[in-house]
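For reference, the structure discussed in these notes is given below.
The values are calculated or read from the model by the stated rules, or taken from the named source; none is laboratory data. Small disclaimer: the values here were computed from a predicted structure and weren't measured. Here the Cβ is made from the backbone with ideal geometry for all residues, glycine too, and neighbour counts use every protein chain on show.
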Amino acid sequence: MFFFMILNYILLTLSAAGLMIIGLNHYFQIGFFGMAPIKLDIFISLIYVAAETLVMFFFVGTGVSIKEYIQENPDTDHKYHKESVSIKRVLYPPTMMATLLFVAMIIFDGGWLMGQMSRGWFHAFYVATVYYFIKSLIVQHKCFKKNTLVILEMTKTKAKINSADLF
């Protein structure tokens, strides 16, 4: 479980750096890594989509594990499954919005690079993407903490971890 969380934090850090590179490349035409701007945009978006897919699968997977644990241990309170579902309800909307905005930003950057649309569209989507990216990072971090605590409490693991120690 912690391996996937750490891997996700690494991918999201790379995505944050990539988002900054996209902004710098759009305004200053630096040409990072010798790549054409649209190729760089697509490469960075692939890393970001991989990170967000990992987030989704992590929470789906732990939700299934919680459900199976409850089925195998009938004396376990069903509140843990309900908490898992409520965590996903908080997590998914900003995560999906950030992903959609990220992809739209890449499309509008490509449209501007090809001379098919105004630069203003990219500006608007870049600002919205940065806002939702930061918002989704904060929400994801809180949800990772809550989800881990739910699993530890459910399995009654006497780990030396409290909520302040989790990242």
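So, of the residues in the range 104-130 that are over 18 Å from I30 (Cβ atoms) and small (G, A, S), which turns out to be farthest from the chain's Cα centre (by Cα)?
Checked the range 104-130; the qualifying residue farthest from the chain's Cα centre (by Cα) is G115.
So which residues in the range 115-138 are in contact with a Leu (Cβ under 6 Å, 6 or more places away or on another chain) and aliphatic (A, V, I, L, M)?
Residue satisfying the conditions is A128 alone.
Just give me the residues in the range 112-123 being surrounded by 15 or more Cβ atoms within 10 Å (Cβ to Cβ) and part of a helix (DSSP H, G or I), in sequence order.
W112, L113, W121, F122, H123
Is it the case, given these coordinates, that L101 is over 17 Å from K142 (Cα atoms) and surrounded by fewer than 18 Cβ atoms within 10 Å (Cβ to Cβ)? Break it down stepwise before answering.
Numbers: over 17 Å from K142 (Cα atoms): yes; surrounded by fewer than 18 Cβ atoms within 10 Å (Cβ to Cβ): no.
For L101, the condition - over 17 Å from K142 (Cα atoms) and surrounded by fewer than 18 Cβ atoms within 10 Å (Cβ to Cβ) - is not met.
Please find, among K67, K39, the residue that is modelled with pLDDT of 85 or more, loosely packed, with under 15 Cβ neighbours inside 10 Å and in a helix (DSSP H, G or I). Can you show your working first?
Numbers: K67 fails: loosely packed, with under 15 Cβ neighbours inside 10 Å.
Just a single option satisfies the conditions, and that option is K39.
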